Amino acid sequence: MLDLAPPLRWRFAPGPVGREHLAVAAAAGTIYAIGGRSAGYVTNSTLVQSWRPGNAAWQTRAALPEARGGAGAAAIGGTIVSIGGEAPSGTIGTVLIYDVSGDTWRRAPDLPTPRHGLAVAAFGGRVFAIGGGRNPGLGVSDVAESLGVGVRG
């Protein structure tokens, strides 16, 4: 069979403010860069930025209610759910929901097993928090938990 698809290749796009351990999710045709840090968890950020492909620059959005790095995020319906992370006080169990159209954050029930560096995915009206470390620093776990957020994704 003849493959007529164009070759795949990378191209440059504008980036958000430089940081590591940030969460990223895409919703409604826009990419969101959430939290992160510049060096170690004492530099966690509340910065949230968005970029729509084709735009020249990233835009600043409503800040996270609390600084976090090492969190995960997933889009579901018209929201982005940010889960976990690590901070100087320990591993974060807070779950925050961002309303894309309202540019606002609200709190959801905490993660039963606080973790950082976890994978987060949305499927069938639920958000799944998979793996991650239970304690700050290098660590792993086999924990998987899900949260029903009342929307279809």
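We did not get these values from a lab; they are worked out from the coordinates using the rules stated. Predicted model only: the values in this text are computed from it and were never measured. All Cβ positions, glycine included, derive from the backbone under ideal geometry; neighbour counts span all protein chains shown.
Key figures for this structure:
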quantity	calculated
Order of Arg134, Arg68 - criterion: other Cβ atoms within 10 Å of each residue's Cβ, fewest first	Arg134, Arg68
Ranked list, fewest to most other Cβ atoms within 10 Å of each Cβ, for Asp142, Asp103, Asp110	Asp142, Asp103, Asp110
Lys, Arg +1 and Asp, Glu -1 on Cβ, resulting dipole of the chain about Cα centre, debye, nearest 20	220
Simple label model, 7 Å out from Cα along Cβ direction - Ser89 to Glu145, nm	1.7
Residue of Gly102, Gly84, Gly35 that the Gaussian network model of the chain assigns the largest fluctuation, springs spanning Cα pairs under 10 Å	Gly102
Neighbour-count order for Phe12, Phe123, fewest beta carbons within 10 angstrom listed first	Phe12, Phe123
Shape call, segment 94-153: gyration tensor on alpha carbons, a/c limit 1.5	prolate
Segment 1-58 pair-distance distribution - Cα-Cα, 5 Å bins, rounded %	4, 16, 21, 18, 14, 10, 7, 4, 3, 2, 1
Selection from Pro65, Ala144, Thr30 lying farthest towards where the dipole of the chain points positive, charges on Cβ	Thr30
Highest-fluctuation residue, Val48, Val120, Val143 considered, GNM on the chain with Cα pairs under 10 Å	Val143
